[in-house]
Amino acid sequence: MTTATFPATAELPSGAGQTLHEARFAVARRPLAAVTGAEIQAPLIQGGSVRYANLDYGASAPALSVVSAYLNEILPYYASVHRGAGYASQISTSVYENARSIVRDFVGGRPDDSVIFTRNTTDSLNLLAGCLPVADGSHTGEVLYLDIEHHANLLPWQSVPHRSVIAAPTLAATLELLRGELAYGGVSLLAVTGASNVTGEILPIRALAALAHEFGARIVVDAAQLAPHRRINIAADGIDYLAFSGHKLYAPFGAGVLVGRPDWLDAGTPHLAGGGAVQDARIDTVSWTTGPARHEGGSPNVLGAAALARATQVIADLDAEQWHAHENAIRSFLVEGLARIDGVRVHQIFSDSASFDAPAGTGPGTGTIGVVNFSLEGYDAGLVAAYLSAEHGIGLRDGRFCAHPLLRRLGLPSGSLRASFGLGSRLEDAERLLAGIQDLRRTGLGWDYVVDAGRWVPSNDTRSYPHWAPNTPGTAGAAPCTLD
């Protein structure tokens, strides 16, 4: 165990502690949609409890209440799919297969696009990596990607021919760098994120797709962060492949999806060799099927796919203007409030991300989603996160966010803090975060903290978990991704 050492606190600038009450923030006073667990109480280390302020939507979003109710409705009919003649099996098969159509419609898919259910975005992109075109035993092209990617859209390509590009300080210059690499030739696939999981900055997907197609390449978009915050249209945006996860889209039970052109997928190596993926199997030979079943060997995650599909229906019915106004109000409030606190720095990748204009005819500019990345001078990010959780009942993410190359380039090799929010968030969550950081700057930590199993935790923590959960707060340890 390592005992924390605490830096001297700094005085707040005049007006930093004042709550902003401008009318433009009123739209975010209430959640935009009901989510399960919105009113759970978090015990405080100093005693008492407070409503848990969930500012970690970017890791896993809480289930929409509508989705929870839907799952309770269909759960009695849960059964194995595709090969069962029984009543429950037939219903489950119908729910599972109908989920493909719902998801395809949600992302504006082409009629012939395959919709393959996976475990998550990482699984989807690994699946696609196994389906890249091969001729005479060798890949016919390289995968091109930026250094800003989440590991899900970085590591799968390292096992195939690839090229990486270090993103420029602006989006405009980054597009020119990608143009140069594509013009050089030999690229079969451009792999990009829809929105950075670190900073929330949105990339100009339609412009990137047009650029890839100009040079004979296809494009895959990691939409794990984008799909819960913005509408996507595969056909209109020119996207060839799209991957996203249910657990970030208000749907529990761990399903992901890959949507895209079927030719590569039907010719690629089956992602999971097993039952349901074959036309015929012998003792030492096999004939694989085509379509989604080729990559969905074994019993599929019926409830995960159903939850994901139901969540997309809820999001598709949102009023886009109200949706974005709610999210933008919380983000603006938080960014402006952080700017008023001495020693806080908000991080971004591109200096023009808020005002970038895509080339004419290639769609709108970019912007940001409900993600704010920041650091507090003099404090380890993990210590700040532990303090906010223990003393203020606030949950947010700290570490390197499975984007190590980007964090190093941002000058944050040991990590930073990320607040993320969505449909179930309210302005009060951001107010509490700002108040917690202001208290830390004014008076310092109110408790002693130690490093245990790689994570900062309160010393002598007597708080308890619910009766059905292991009563071991703070001992889960740190994932290797958080360590340098």
### Single condition residue 353 does not satisfy, out of (1) surrounded by fewer than 18 Cβ atoms within 10 Å (Cβ to Cβ); (2) among the small types (Gly, Ala, Ser); (3) not in a helix (DSSP H, G or I)
(1)
### Task
Out of 136, 105, 147, report the one residue that is modelled with pLDDT under 95 and over 20 Å from residue 294 (Cβ atoms).
136
### Message
If I filter the range 436-458 for residues that are of a type in the set (A, V, I, L, M, F, W, C) and closer than 20 Å to residue 39 by Cα, do I get at least one hit?
### Response
no
### Message
Being in contact (Cβ under 8 Å) with a residue 24 or more places away in the chain and of a type in the set (A, V, I, L, M) is the filter here; which residues of the range 262-292 pass it?
### Response
265, 267, 272, 273
### Task
Among the residues of the range 103-139, count how many are hydrophobic (A, V, I, L, M, F, W, C) and not in a helix (DSSP H, G or I).
8
### Summary
The residue that is nearest to residue 54 (Cα to Cα), considering only those in the range 228-248 that are of a type in the set (D, E, K, R) and either open to solvent by less than 10 Å² (accessible area, probe 1.4 Å) or in contact with a His (Cβ under 9 Å, 6 or more places away or on another chain) (or both), is 230
### Query
Can we say residue 158 is farther than 23 Å from residue 208 by Cβ and polar (S, T, N, Q)?
no
### Query
Which residue pairs have Cβ atoms closer than 6 Å, lie 6 or more positions apart in sequence or on different chains, and pair a first residue in the range 59-83 that is exposed (fewer than 15 other Cβ atoms within 10 Å of the Cβ) with a second residue that is in a loop (DSSP other than H, G, I, E, B) and of a type outside the set (Lys, Arg)?
80/299
### Filter result for residue 89 (open to solvent by less than 30 Å² (accessible area, probe 1.4 Å), assigned to a helix (DSSP H, G or I) and out of contact with any Pro (no Cβ under 8 Å at 6 or more places or on another chain))
yes
#### Entry: Pairs, first part of a helix (DSSP H, G or I) in the range 239-255, second of a type in the set (Phe, Trp, Tyr), C-beta under 8 Å, six or more apart
246/253; 248/57
### Task
Kindly indicate the residue of the range 429-484 that is modelled with pLDDT under 95, surrounded by fewer than 15 Cβ atoms within 10 Å (Cβ to Cβ) and β-branched (Val, Ile, Thr) and also nearest to the chain's Cα centre (by Cα) among those meeting that condition.
475
## Note on the structure
In the set 345, 310, the lone residue that is at pLDDT 95 or above, assigned to a helix (DSSP H, G or I) and of a type in the set (Lys, Arg) is 310
### Message
Here is a check on your reading of the model: is residue 465 of a type outside the set (Gly, Ala, Ser) and free of Cβ contacts under 8 Å to residues at least 12 places away in the same chain?
### Response
yes
## Note on the structure
Those residues of the range 314-335 that are exposed (fewer than 14 other Cβ atoms within 10 Å of the Cβ) and touching a residue at least 40 places away in the same chain (Cβ under 8 Å) come to a total of 3
### Any chance residue 259 is touching a Leu at 6+ places or on another chain (Cβ under 6 Å) and touching a residue at least 40 places away in the same chain (Cβ under 8 Å)
yes
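The values are calculated or read from the model by the stated rules, or taken from the named source; none is laboratory data. A quick note: this is a predicted structure, and the numbers were derived from the prediction, not measured. So basically every Cβ, Gly included, is an ideal-geometry build from the backbone, and we count neighbours across all protein chains shown. These accessible areas exclude ligands, DNA and RNA; they are computed on the full protein's heavy atoms, side chains included. Shrake-Rupley method; radii C 1.70, N 1.55, O 1.52, S 1.80 Å.
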